[in-house]
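Note sheet for the following structure.
The values are calculated or read from the model by the stated rules, or taken from the named source; none is laboratory data. This structure is a prediction, so every number in the text was calculated from the model and none was measured. Ideal geometry is used to build each Cβ from the backbone, glycine not excepted, and the neighbour counts take in all protein chains shown. When the accessible area is computed, the model is the full protein with side chains, heavy atoms only, and any ligands, DNA or RNA have been set aside. Shrake-Rupley method; radii C 1.70, N 1.55, O 1.52, S 1.80 Å.
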Amino acid sequence: MNIIEIRDLKKDYPLGDTIVPALRGVDLTVAAGDFMSIIGPSGSGKTTLLNVIGCIDLATAGSVKVGGREITALDDRQITDIRLNKIGFIFQTFNLIPVLDVIENVEFPLLLMKRPAAEARRRADKLIEEVGLKEYAAHRPSELSGGQRQRVAIARALVTNPDIILADEPTANLDSVTGASILELMRRMNEIEKTTFIFSTHDANVLKYARRIVRIKDGLIEKEPVAA
Amino acid sequence: MLLIKLSLRNLLRQKRRNILLGSAMAIGVCILVVANSFSHGISDIMFNKVMNYVTGHVAIRFNERGGVMREIFRDRARVFAAVKNEPLIESADEAVGMFARAIGNGRSDNIILVGVDTRKGLSEKGRKEVEESFRLIEGTWKDMESPAIENPVIISEEKARYLNVKKNDIVRVRFRNMFGQDQAERLTIAGIMKNDNIFMQPVVFLELSREKKMLGYRSYETGSLKLKIKDPQKNAFAVADRIHEKLRPGTAVIYASAAGRSGRRPAILLGFKSDDQSKKQIAGLLKLSSGSFEKTFRKDGVIVPAGLARELGVTAGSEMTVRYDRKFEKTPREAVLHVSAVCAAGDYPGRDVILLSDSGFYDLYYFDLPAGPGPGAEAYSAAAAGAWSGLVAPEWVLLKRTFNTEDYTKKYQEIARNKWKGTTIDVSTMYETASDILKLESVLNIITISAVLVLFFIILLGVVNTLRMTIRERTREIGTVRAIGMQRSDVRDMFILETFFLTLFSSAAGSLLGFIAMRLLSLITFHPQDNPLGMLLVNGHLYFLPTFPGIAGSVLLIIAIAVVTAWFPARRAANLSPAQALGHFS
């Protein structure tokens, strides 16, 4: 079953008087539970594609279905609900909320969903334990290393049981050992939680973790798909 | 709850910046609280001290025959009855005062002799207010009642110094009584008071009954009434309107017996209005059998109906005697009337009615107020007299209500022009009679508000700039929470809540600071006699009256303005697209 179906996706950015095409007609389908990597050089459109799939940016043209639902016709409130309920994000720079401690960062999406505080805390506790940060639960992000912060980000992305987790260059700010451990963790989580993982990278070392690799260049899918 | 937690934690994130902005806000609130309390203090002094003692919050004034100097109402009990059941009246006092020339030891000066009802008794609150406003430095208030002292008075320290008199000295005063006669009296200085109110410095207090006697009032008569109202700014007009309604006059009637050559008959004496329009109407209604309208319309004109004239044995030109019981005296009053005309036919107001020109009628009526119709006797109804109901003299002339000084002045100019024959009654509020003093309060309030507005403007610029800086710094964070699934409205509310809490804490600190500032300022002693603003002082100190609604209002105002100011940058932050916000530092 396809969790994502993209047809002829185009995305343009205005740059002064000119229009810069970032995506020039992308067709892509992603099966549920996949562990997929989007690779390509800088400026190829990886982040833009992830942003459109993750409903944090709007397509200029084309069709994007997430979980069978066409997202290009939705208003901001509906799109925000999809982001909250269906999608988890892992960012290159971790993007944790600095005023919240680890456990509060992880339970944050559940509280946005208006889940009872006790239930949110239980679920967050479980995930923190799974990512190996139980003893850091009360720490603020500024007290953690890069790898630990990214683990928190992974736990936060998983906490709502989303259909898809999108990770934009998740290891770019980490050393190779930590990066590998993060990818291991993501892979393990993919297996445990059966969540679809899509991550972008331009690091060839990362590719060995992906079950499916999609190459993108100049806003177009270049070679599709390549078996891991 | 989540938003509150985030907002509070974010507040602590930029401690130095928020402390600086919070301090500016706290100083603003502090100034606002002090200004507000000072303004309330001024209002309290104005309305509950100055106005209360100078004109009262509401005043009922009487002018017999429209004579501005002749302030007298002949039925004191009647006017007190009109204010008796009004729940918003805290106290009703007779206001009898006069200007006099006082001659002390080698010096003379003008004084205002004010009657004080020391026998009335005061509530604890009233006693405290009097003691606060007039602090006796020599003598006691009780001395004013002493029969052993000749006209004991309490004089202000300044006036005593000027007149070069001390306690137990005699001051001679020259004054004009209510009937325009020049009089002289001796007053004994029984006490010397200190007061902070410059309006009160020429005032010399004398026991009310003594003052009334000096001016020529009888015990059942009064000069004017001043009323102290609860919450006067709010209630003065309404109370004045209600009292005005209760003082609507009926017809002035004298239930008498009339005697002529043929015997004595019961009779009703009514006054007829003698203005040109009324005279014209009366001439149209009556058909005289003897006498003439020319004589009838003179001041001493008397019309007797033909039937009654026959029974009494009087004709035009003859005399008759009328006798009636007086309301406040035991013995009856007798008067001789000269019949000007006998009415044979036409529309006459009653078989036993003797009509007198209002001018002559009121001479009789006011000087000795008549008793009622007596047990079993029927009261005369002017309403039943048809066309005459508008032509017979009323008990008094109730002046229309006015609501500002301009209209009030016009009203009194009209009184002087109209030459009313009856006593005029005017119900007025301090807003009409003392608007100049009240303007001072308004001016002070405007100055305070202007200063506060400028201060607010500066503070609000600080709020906007701080928030814009905060939003710029946290743009990526906004993108993160939006990407995670926070709705736009929640992002906006988060920033507004931050401003709300900052303002709330600053306001609490500012209020506390305000109370400390007020305490310190009220410790400073001023010398009111050397200070034109002495009337704004209490016991030589600045007077602050903080009120919960005032402070809560100030705090709510600053919070509301801050929140409204924060709304726009907060909304701009909320409207950022998540992708744009996330890419802010990229």
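Values as computed for the structure displayed
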quantity: Rounded to 5, the percent of DSSP beta bridges in the protein assembly as shown classed as antiparallel; calculated: 70
quantity: Per-residue ³J(HN,Hα) for the range B:85-92, Karplus 6.51 cos²θ - 1.76 cosθ + 1.60, θ = phi - 60°, Hz, x for Gly and Pro; calculated: 9, 8, x, 7, 8, 7, 7, 10
quantity: Environment charge at B:Phe175 (Cβ cut-off 15 Å; Lys +1, Arg +1, Asp -1, Glu -1); calculated: +4
quantity: Against the rule of thumb 2.2 N^0.38 Å, how large the Cα Rg of the range B:58-246 comes out; calculated: 1.06
quantity: Per residue accessible area in Å² of the range A:132-228, where ligands, DNA and RNA are left out and the probe is 1.4 Å; calculated: 44
quantity: Sites matching GluC sites (Glu not before Pro) across the range B:73-174 that sit in DSSP coil, with at most 16 neighbouring C-beta atoms within 10 Å; calculated: B:Glu150
quantity: Under 17 Å from B:Lys159, Cα to Cα: lysines that are on another chain or at least 8 residues apart; calculated: B:Lys167, B:Lys194
quantity: Threshold 10 Å² - residues in the range B:481-501 whose accessible area is reduced by that much or more when the chain is no longer isolated, probe 1.4 Å; calculated: B:Val481, B:Arg482, B:Ala483, B:Ile484, B:Gly485, B:Met486, B:Gln487, B:Arg488, B:Ser489, B:Asp490
quantity: Overall form of the range A:19-100 per C-alpha gyration tensor (a/c, 1.5; a/b vs b/c); calculated: rounded
quantity: The range A:2-227 - percent of accessible surface contributed by carbon and sulfur, probe 1.4 Å; calculated: 49
quantity: Gap separating the Cα centres of the range B:394-428 and the range B:82-115, nearest whole Å; calculated: 22
quantity: Between 0 and 90°, nearest 10: helix B:124-133 axis offset from chain B longest Cα axis; calculated: 80
quantity: Relative contact order (percent, whole number), the range B:58-246, Cα cutoff 8 Å, 6+ residue spacing; calculated: 35
quantity: 222 nm mean residue ellipticity, helices alone, for chain B (DSSP H n ≥ 4; -39,500 (n - 2.57); rounded to 500); calculated: -14000 deg cm²/dmol
quantity: Of B:Lys226/B:Lys279; B:Lys212/B:Lys411; B:Lys49/B:Lys400, those spanning more than 31 Å from alpha-carbon to alpha-carbon; calculated: B:Lys226/B:Lys279
quantity: Shielding by partners - mean other protein chain Cβ count within 10 Å, residues of A:75-83; calculated: 3
quantity: Coil-residue trypsin sites (Lys or Arg not before Pro) of the range B:57-116, DSSP, other Cβ within 10 Å capped at 14; calculated: B:Arg107
quantity: Between the range B:266-317 and the range A:57-118, the Cα center-to-center distance that results, in Å; calculated: 102
quantity: Where B:Lys212, B:Lys226, B:Lys327 fall by accessible area, highest first, once all protein chains stay in place (1.4 Å); calculated: B:Lys327, B:Lys226, B:Lys212
quantity: Cross-link pairs A:Lys126/A:Lys208; A:Lys46/A:Lys217; B:Lys299/B:Lys419; A:Lys86/A:Lys134 - those with Cα-Cα distance over 19 Å; calculated: A:Lys126/A:Lys208; A:Lys86/A:Lys134
quantity: Cut-off under 5 Å, modelled amide H: who pairs with B:Ala267 long-range; calculated: B:Ala256, B:Ser257, B:Ala258
quantity: Tilt relative to chain A, helix A:102-112 - C-alpha long axis, 0 to 90 degrees, to 10; calculated: 60
quantity: Under the Karplus curve 6.51 cos²θ - 1.76 cosθ + 1.60, θ = phi - 60°, whole-Hz ³J(HN,Hα) for the range B:146-159, x wherever Gly or Pro sits; calculated: 5, x, 7, 9, 7, 6, x, 10, 10, 10, 6, 4, 5, 5
quantity: Using alpha-carbon coordinates, inclination of helix B:548-574 to the longest axis of chain B, degrees; calculated: 40
quantity: Integer Hz, Karplus 6.51/-1.76/1.60 couplings in order for the range B:334-346, x for Gly and Pro; calculated: 10, 9, 9, 10, 9, 5, 8, 7, 10, 9, 8, 8, x
quantity: Charge dipole of the range A:2-227 about the Cα centre (unit charges at C-beta), most positive-ward option of A:Asn173, A:Thr29, A:Ile221; calculated: A:Thr29
quantity: The range A:67-96 residues near the modelled A:Arg211 label - backbone nitrogen below 16 Å, point 7 Å along Cα→Cβ; calculated: none
quantity: Residue pairs, from the table A:Lys114/B:Lys5; B:Lys120/B:Lys246; B:Lys84/B:Lys228, whose Cα atoms sit over 19 Å apart; calculated: B:Lys120/B:Lys246
quantity: Placed amide H near A:Asp27: partners under 5 Å, 5+ positions off or other chain; calculated: A:Asp8, A:Leu9, A:Ile221
quantity: Fraction of accessible area attributable to carbon and sulfur, chain B (%, probe 1.4 Å); calculated: 58
quantity: For the range B:253-395, accessible area per residue (1.4 Å probe, heavy atoms of protein chains only), Å²; calculated: 46
quantity: Area buried, chain A against chain B - accessible surface, total, 1.4 angstrom probe, square angstrom; calculated: 2100
quantity: Residues B:Ile170 and B:Glu414, FRET efficiency given R0 of 60 Å [Cβ-Cβ distance, rounded to 0.05]; calculated: 0.85
quantity: Electrostatic dipole magnitude of chain B [Cβ: Lys, Arg +1; Asp, Glu -1; Cα centre; debye, to 20]; calculated: 1300
quantity: Cα shape, the range A:2-227, gyration tensor, a/c 1.5 rule; calculated: prolate
quantity: The range B:58-246 - accessible surface per residue (Å², probe 1.4 Å); calculated: 47
quantity: Selection from B:Ser511, B:Ile446, B:Val491 lying farthest towards where the dipole of the range B:378-532 points positive, charges on Cβ; calculated: B:Val491
quantity: Alpha carbon centroid spacing (whole Å) that separates the range B:23-79 from the range B:183-255; calculated: 15
quantity: Extreme residue, positive dipole direction of the protein assembly as shown, given options B:Cys30, A:Ser200, A:Pro41 (C-beta unit charges); calculated: B:Cys30
quantity: Heavy-atom accessible area, 1.4 Å probe, ligands and nucleic acids excluded: residues of the range B:1-29 down by at least 40 Å² from chain alone; calculated: B:Leu2, B:Lys5, B:Leu6, B:Arg9
quantity: Exposure ranking of B:Asp490, A:Asp203 by accessible area [1.4 Å probe, largest first]; calculated: A:Asp203, B:Asp490
